[in-house]
Every structure is written in C-alpha cells, then in structure tokens.
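Trainee: Please find one structure pasted underneath; my questions will follow.
The values are calculated or read from the model by the stated rules, or taken from the named source; none is laboratory data. No experiment lies behind these values; they were computed from the predicted model shown. Because the Cβ atoms are built from the backbone with ideal geometry, glycine has one as well, and the counts that use them run over all protein chains shown. SASA here: full protein model, heavy atoms, side chains in, ligands and nucleic acids out. Shrake-Rupley method; radii C 1.70, N 1.55, O 1.52, S 1.80 Å.
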Amino acid sequence: MGDFRPVDGTGVIAAFVGIPSSSMNGGDKVGFFRKADIDALLAKGDVEGLIRALESERDPKVRRDAAVALGATGDARAVEPLIQALKDQSWWVRSEAASALGELADSRAVEPLGILALKDEDPHVRDPAVRALGRIGDERALVFLTQALTDEDRAVQWTAAAALDEMGYGHFTIL
C-alpha cells in the first residue's frame with residue numbers, strides 16, 4: 001500500500017482501509033486527509049485515493065483540492081465521482097468539480113453540468129459549469145448554454161457567450 005504505514009492502533013485501521021496514517025495523527029485537517037496527502041496522491045497518480053478523499057472527506061477544502069487534483073489527472077475514472085460532487089453542500093467543491101469535469105472534457109458530464117449551470121443558486125458555481133460545457137464542446141450543451149445567456153449574473157452570461165463562440169456558434173451581444 002505504499003506510504004500507508006500503521007503507527008498505532010488507529011494507524012493499523014487506516015492502513016487497512018487505505019487512509020494515509022499521517023492523517024490519523026492530527027495536523028492541519030478536520031478529517032482523514034490533508035492537503036499534503038492530496039498532493040502526494042496526485043504525484044503518485046493514485047486516482048482511487050483521490051476519489052476516496054473526494055467522497056469521504058469531511059473538510060470541504062480537502063474535497064475541493066481532491067476535485068482539482070482529479071481534473072489534473074486526465075483519468076476518466078474521475079468523471080462519475082466528480083459528477084456526484086456537483087451535489088456537494090459546499091459551493092467551493094461544486095465549483096471545482098465543475099472545472100475538473102471541464103478539464104476531463106467527458107461528454108457524460110454534459111447533462112449534470114447543464115443542470116448545475118442553470119439551477120445552482122451560486123454564480124460562482126454556475127460560471128465554471130458553463131465554462132466546462134464549452135470546453136466539452138458537445139452539441140447537447142447548446143440548450144444549456146443558450147439559456148445561460150439570460151442568467152441573472154453578467155459573468156455567467158459572458159461565459160456562456162464565450163463558450164458558444166468557442167464552439168463555433170457565432171458572436172452574441174449581452175444586453
């Protein structure tokens with residue numbers, strides 16, 4: 001299991017379930033993982049470990065970091081867990097999950113991102129969802145992107161226009 005070293009009774013359990021034992025000994029975290037653990041998992045290319053952090057971590061900052069790292073892996077195994085993260089309580093996690101899905105550019109994410117782009121209460125989430133739809137470039141995104149042109153937030157409107165333009169659907173004027 002690599003760097004998962006048991007250091008005491010809790011460390012044995014951590015090693016058994018695949019949680020870094022360093023995470024069981026206090027430090028700068030709320031849950032099992034710390035930023036350093038996410039960085040180490042990314043450096044090792046441990047997509048499954050990053051998915052575990054995204055799905056099980058209590059600290060939204062660590063879940064956010066796991067989402068960012070999963071997008072950076074380019075690994076298609078991250079798509080479904082990131083789609084689930086679009087429902088996270090934290091706007092920060094939802095935002096980074098949307099961005100990560102844009103990095104992965106997998107068409108499975110079009111509908112979940114489209115729903116997020118139109119219905120999330122936070123423009124800091126809708127904007128990256130719209131941007132991700134443009135990066136994916138799937139024609140199914142057109143319905144979501146054209147509706148986002150009328151979003152109440154100007155930044156979301158501009159991002160939707162830019163995404164449509166990037167996809168080759170002309171220039172739009174935001175009034």
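Trainee: With a 1.4 Å probe and all protein chains left in place, how much accessible area per residue does the stretch 21-164 have, in Å²?
Mentor: 45
Trainee: Between residue 76 and residue 152, how many nm apart are label points set 7 Å from Cα along the C-beta direction?
Mentor: 3.9
Trainee: Share of the stretch 83-126's accessible area from carbon and sulfur, percent, 1.4 Å?
Mentor: Result for the stretch 83-126: 47 percent of the exposed heavy-atom area is carbon or sulfur.
Trainee: Over the stretch 66-155, what per residue volume does the convex hull of the Cα atoms give, in whole Å³?
Mentor: So the per-residue Cα hull volume is 75 Å³.
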